[in-house]
Structure formats: structure tokens, C-alpha cells
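> Submitted below is the structure of interest, expressed as C-alpha cells.
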Amino acid sequence: MVRISFRGGRPKIVLEQRQRQRSGFRPAVDGMEERVLMSTLPRGFVQIVVARGLVEPSGLVAVPDGRLFLIQQTGQVRVIQNGRLLAAPLLSVTTDSSVERGLVGITIDPNFATNHYLYVYYTVPGTPAHNRVSRFTVSGNTASPSSEVVLLDLPSLGSGHHNGGSLQFGADGKLYIAVGENEVRANAQSLSTPLGKILRINPDGTIPMDNPFYGLTTGINRAIWAMGLRNPFSTAVQPGTGLYYIDDVGVDTWEKIDKGVPGANYGWPITENATGDTLYVYNHGRNDSNGAAITAGTFYNPAKAQFPAAYMGRYFFGDIKGWVKVYNPAKGTVTNFASKLPTVLDGLAVDPSGALYVLSRGNGTNSGTLLKIQFRRR
């Protein structure tokens with residue numbers, strides 16, 4: 001039996017008793033092309049297990065050459081290539097992975113094909129610890145720790161909760177960083193701290209002078225681009241349009257998808273509900289099957305569309321309860337897509353071929369799963 005605890009913003013998984021070993025369970029190995037029949041998908045879609053036995057997976061990014069870079073909270077960047085999980089990590093960083101800390105954010109440079117830059121968000125151990133955004137240079141399927149360029153060191157952490165961590169490049173070529181309020185509600189409304197904010201920096205770590213609060217703040221706080229967030233766990237940028245969506249984890253009642261707008265205030269802790277820049281909210285209870293925490297999102301705008309035309313330009317978002325739904329930006333409507341997926345859902349990505357990847361943490365230390373959802377015309 002598994003209990004999902006909601007102290008803080010990100011769910012914690014507690015094993016109340018030893019889980020039974022599922023028939024055929026194996027640690028993550030190369031090329032597991034297994035069908036999983038337990039999930040509910042729309043007609044014409046199929047699901048394949050790419051890897052399982054992952055150690056606390058916490059995010060992923062699709063690379064234009066077809067690879068996937070997948071992060072584990074414990075500090076490893078793993079590589080999926082040609083449908084196989086490679087045995088050796090691309091990169092390992094020393095991190096404090098307690099509670100919600102650790103390696104929790106990843107993205108690649110818009111010019112990755114030429115500069116090979118990889119960006120990560122991780123917790124630097126210490127007393128106290130703090131979160132850091134760094135850039136590494138990838139060579140093949142490795143990135144030397146010595147290639148690290150530190151772009152941003154965030155303030156010292158108190159709580160282990162509400163780290164945020166999502167990284168995205170905007171259409172303007174700037175790096176957007178989602179930062180949680182570290183379980184201090186007042187941080188979200190204060191321009192004296194970068195916590196509880198969306199930050200915007202140049203790829204070299206400098207701060208753009210056109211940030212909305214640049215003239216009102218000093219130092220690192222000049223990076224503040226938007227405020228009033230609790231735990232912006234995932235974000236996404238739509239190719240072409242540059243739409244920027246922020247998935248903010250609520251506490252008692254509401255989960256939100258916010259539209260990224262410079263200078264916006266998303267209301268926390270004044271309100272947990274919708275503000276003027278909120279696109280969609282859904283209600284949940286502590287044990288409500290409707291949802292518990294919004295933890296993943298991605299736009300469906302691949303280089304080569306595989307899904308039916310109705311899905312183009314849609315926003316796929318997921319909840320730790322193990323479901324994925326689809327938001328239509330043009331109409332503001334939401335439809336069901338997949339349910340009965342492995343819990344705790346912790347990442348979504350679309351590769352250049354148009355396949356959707358679903359990353360789930362699972363209910364134990366080594367029970368993470370990466371699924372690939374494809375459309376098969378009949």
C-alpha cells in the first residue's frame with residue numbers, strides 16, 4: 001500500500017509495507033520494447049516501456065537528433081538513444097537530494113547542435129544548501145564535470161520543499177528559471193528574493209536590463225520576471241508561438257496552468273485560485289481521483305507530427321495521480337487523454353518524430369518508468 005503525503009508542495013511517497021515484486025520486473029536495461037496494457041489511451045494509440053527501474057527520475061528533455069536526456073534526482077543525467085537507456089550516465093553532479101532537493105531541472109541550448117550546451121538546476125550540498133543553475137558542454141554521450149559554468153546561485157535553503165527547478169529557453173533566446181518559494185509564503189510576493197518567481201537570464205548568466213523589475217531591484221533580484229508562485233514544478237514553451245506555460249502546484253484545493261507574462265503576479269499566497277493570467281485550474285482533494293498535483297507539461301508541436309491533426313498545438317499536462325489531459329489554447333477546453341499511468345508522473349516530452357514520452361517516478365526508490373506513447377494508424 002502506498003500513501004502520498006502532501007506536506008509541502010510536491011508529493012512525497014511513503015511505502016507503508018513492502019510492495020510485491022511484479023511479474024517480470026527487471027532493473028533498467030537496454031531496449032525494453034514491452035507493451036503495457038494497464039493504461040487507458042484513446043483509440044489508435046499504443047504505449048511502450050522504454051526504461052524502468054530508474055532511480056528517482058525528475059525530468060527529461062528531447063534532443064533534436066532523437067536522443068532524450070533524462071535526469072535523476074540523485075544527480076545523474078541519463079541518455080536514451082535509439083530507444084535504449086545507455087548504461088553510463090552522461091553527467092553526474094554532486095547534489096543534496098533530500099526531500100525535494102537534488103537534480104530537478106534540465107534543458108538544452110537552442111543552438112545545441114553547434115554549441116552542445118546543456119543546462120541543469122540542482123541543489124549544492126552545504127550548511128545551508130542552495131540551488132544552482134549551471135551549463136555543461138556535451139561531447140557525444142558525455143559531459144565533463146570540469147566543463148561546468150555556474151550561471152546562477154540562488155539563496156540558501158531552509159525547507160527541503162518547494163524548489164521548482166524547471167528550465168526553458170524562450171523565443172527571445174533567454175533562459176527562464178522556475179523557482180519555488182521554499183515553503184515561505186511571503187517570499188512569493190517579495191521583490192527582495194528570487195524565491196517564488198520566474199527568473200529570466202541571458203545564456204551566459206548575465207541579467208537582461210529589460211526585465212520588468214530590473215530598475216526596482218538589485219543583484220540577483222533583477223532576474224525576476226514574474227512573481228506570486230508557490231511551487232512552479234514544470235513549465236513549457238511552444239515552438240513557433242513562444243507561448244510560455246507555468247504549472248504551479250497548489251496546496252489544499254487548486255492546481256493551475258498559468259500563462260507566462262512579464263511582470264505578472266500569480267497571486268500566491270493571497271490566493272491559490274485563478275488570477276488574470278491563469279488559463280486553467282482544476283480542483284482536487286487530498287485523496288481525490290481528479291488529481292493531486294500538476295507536475296508535467298509539454299506542447300505538441302513536433303518537427304514531424306505523428307498524432308492526429310486535432311492534437312497539433314495542444315498542451316499535454318499530467319498529474320501525479322497518473323493521468324495526462326490535453327488543453328486547447330485556442331478554446332480553453334480540456335479533454336482526457338491517458339489514465340491509469342504509473343504514478344508519480346514527473347515529466348512529459350515530445351521527440352522530433354512526434355512520440356510523447358511520459359516519465360513516472362513510481363512508488364519506490366528504483367521504480368521509475370519511461371513510457372513512449374505513439375499513434376498507430378489502422
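Please treat every number below as a calculation from the coordinates, not as lab data. This is a predicted model, so every value here is computed, not measured. Positions of Cβ are generated from backbone atoms using ideal geometry, with glycine treated the same way; all protein chains shown enter the neighbour counts.
> Ranking Ser166, Ser39 by Cβ neighbours within 10 Å, fewest first, what do you get?
Working: Ser166 26, Ser39 19.
The order, fewest Cβ neighbours first, is Ser39, Ser166.
> Quick one: length gained pulling Arg376 to Thr127 fully straight, 0.36 nm per residue minus the C-alpha distance?
Numbers: separation 249, 0.36 × 249 = 89.64 nm, distance 5.21 nm.
This chain segment gains 84.4 nm when fully extended.
> What are the ³J(HN,Hα) values, in whole Hz, obtained from phi via the Karplus relation 6.51 cos²θ - 1.76 cosθ + 1.60 with θ = phi - 60°, for each residue of segment 213-227 in sequence order, with x given for Gly and Pro?
Computed from phi, the couplings for segment 213-227 are 10, 4, x, 9, 10, 9, x, 4, 5, 5, 7, 4, 10, 8, 9 Hz.
> For the chain, count all C-alpha to C-alpha pairs, find those more than 36 Å apart, and express that count as a whole percent of the total. Write down the numbers at each step before the final one.
Details: 10290 of 71253 pairs.
Taking all Cα-Cα pairs of the chain, the fraction more than 36 Å apart is 14 percent.
> Length gain on complete extension for the stretch Ser192 to Met209, per 0.36 nm per residue less the alpha carbon to alpha carbon distance?
On the way: separation 17, 0.36 × 17 = 6.12 nm, distance 1.73 nm.
Roughly 4.4 nm would be gained on extension.
> Out of the trypsin sites (Lys or Arg not before Pro) in segment 203-292, which ones are loop residues according to DSSP with at most 10 other C-beta atoms within 10 Å?
Details: sites: Arg222, Arg230, Lys256, Lys259, Arg286; in loops: Arg230, Arg286.
Those satisfying the criteria are Arg286.
> Could you please rank Glu56, Glu272, Glu183, Glu100, placing first whichever residue has the fewest other Cβ atoms within 10 Å of its Cβ? Walk me through the intermediate numbers first.
Details: Glu56 23, Glu272 17, Glu183 20, Glu100 27.
Going from least to most buried by this count: Glu272, Glu183, Glu56, Glu100.
> Full-extension gain between Asp252 and Lys331, please, as 0.36 nm times their residue separation minus the C-alpha to C-alpha distance.
Numbers: separation 79, 0.36 × 79 = 28.44 nm, distance 2.75 nm.
So the chain would gain 25.7 nm between Asp252 and Lys331.
> Give, rounded to the nearest 20 debye, the magnitude of the charge dipole that segment 190-253 has about its Cα centre when Lys and Arg contribute +1 at Cβ and Asp and Glu contribute -1 at Cβ.
Values: 4 positive and 5 negative charges, 30 e Å.
So the dipole magnitude of segment 190-253 works out to roughly 140 debye.
> Once you keep just the Cα pairs under 8 angstrom separated by 6 or more residues, what percentage relative contact order results for the chain? Intermediate results must be reported in sequence, preceding the final value.
Working: 1068 pairs, mean separation 58.2, N = 378.
Contact order relative to length: 15 percent.
> Turning to a different aspect of this structure: In what order do Tyr282, Tyr244 fall by count of nearby beta-carbon atoms within 10 Å, going from fewest to most? Before the final figure, lay out each step's value.
Details: Tyr282 18, Tyr244 21.
Fewest to most other Cβ atoms nearby, the residues stand as Tyr282, Tyr244.
> Let's test the formula: R0 of 22 Å, r as the Cβ-Cβ distance of Thr137 and Ala303. What FRET efficiency results, to the nearest 0.05?
Numbers: r = 24 Å, r/R0 = 1.10.
Efficiency for this residue pair is about 0.35.
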